[in-house]
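Remarks on the structure that follows.
The values are calculated or read from the model by the stated rules, or taken from the named source; none is laboratory data. None of the values given here were measured: they were computed from a predicted structure. Neighbour counts run over all protein chains shown; Cβ positions are idealised from the backbone, glycine included. All accessible areas refer to the heavy atoms of the entire protein, side chains included, with ligands and DNA or RNA removed. Shrake-Rupley method; radii C 1.70, N 1.55, O 1.52, S 1.80 Å.
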Amino acid sequence: MRCSVCCCLLGGAALAGIVAGWQWTLMIGFWTWMATTIALVLLWTAMNLQVVSESLGINPLRITSWTVFVMLFFAFFFLYQSTFAFPTIPSIILGILTAGSGWWTYYTLEPAKA
């Protein structure tokens, strides 16, 4: 079985996490592994942006719809937390449900493809 460069880099990230966990604490090792893995994935995505955008079907309408969803989530989250004084976790859950409901309803009623 042949391992690509990406596989070797991710193996190096795991090795860096294990070494950091061995030298310091397990949580530092975990965060080291997570940071290097995310950095490698973002670097690979930036290098292959055309392939990634074609595979995921990323277009301006989809980017706009996700941006609106995130903005609605934050608006509802702050509304529930500041106006209604809900705790943080229920505010997050209600913000996702409310923004998701509006987002889903819009794309069910509108003929646009996102």
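A few points about this structure:
- Close contacts from region 40-57, counting a first residue that is closer than 21 Å to Ala14 by Cβ and touching a residue at least 12 places away in the same chain (Cβ under 8 Å) and a second that is open to solvent by less than 100 Å² (accessible area, probe 1.4 Å) and of a type outside the set (D, E, K, R), with Cβ to Cβ under 8 Å and a gap of 6+ residues or different chains, come to Leu40/Cys6; Leu40/Leu9; Leu40/Leu10; Leu40/Ala13; Trp44/Cys6.
- Checking Arg62 against (1) without any contact (Cβ under 8 Å) to a residue 40 or more places away in the chain; (2) under 30 Å from Tyr106 (Cβ atoms); (3) open to solvent by 70 Å² or more (accessible area, probe 1.4 Å), the condition it does not meet: (1)
- Being touching a helix residue (DSSP H, G or I) at 6+ places or on another chain (Cβ under 9 Å), under 29 Å from Gly102 (Cβ atoms) and in a helix (DSSP H, G or I) is a condition met by no residue of region 11-25.
- Taking the numbered list (1) open to solvent by less than 70 Å² (accessible area, probe 1.4 Å); (2) modelled with pLDDT under 90; (3) within 15 Å of the chain's Cα centre (by Cα) in turn, Leu10 passes all entries but (3).
- Among the residues of region 65-114, just one is open to solvent by 90 Å² or more (accessible area, probe 1.4 Å) and touching a residue at least 40 places away in the same chain (Cβ under 8 Å), namely Lys113.
Conditions tested, residue by residue: (1) modelled with pLDDT of 90 or more; (2) of a type in the set (Asp, Glu); (3) under 17 Å from the mean Cα position of the chain (by Cα).
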residue	(1), (2), (3)
Cys6	no, no, no
Gly17	yes, no, no
Trp31	yes, no, yes
Ala39	yes, no, yes
Thr45	no, no, yes
Asn48	no, no, no
Pro60	no, no, no
Met71	yes, no, yes
Gln81	yes, no, no
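- Wholly within region 47-114, helices (runs of 4 or more DSSP H) carrying at least 1 residues that are polar (S, T, N, Q), out of contact with any Leu (no Cβ under 9 Å at 6 or more places or on another chain) and closer than 30 Å to Val5 by Cα: 49-56
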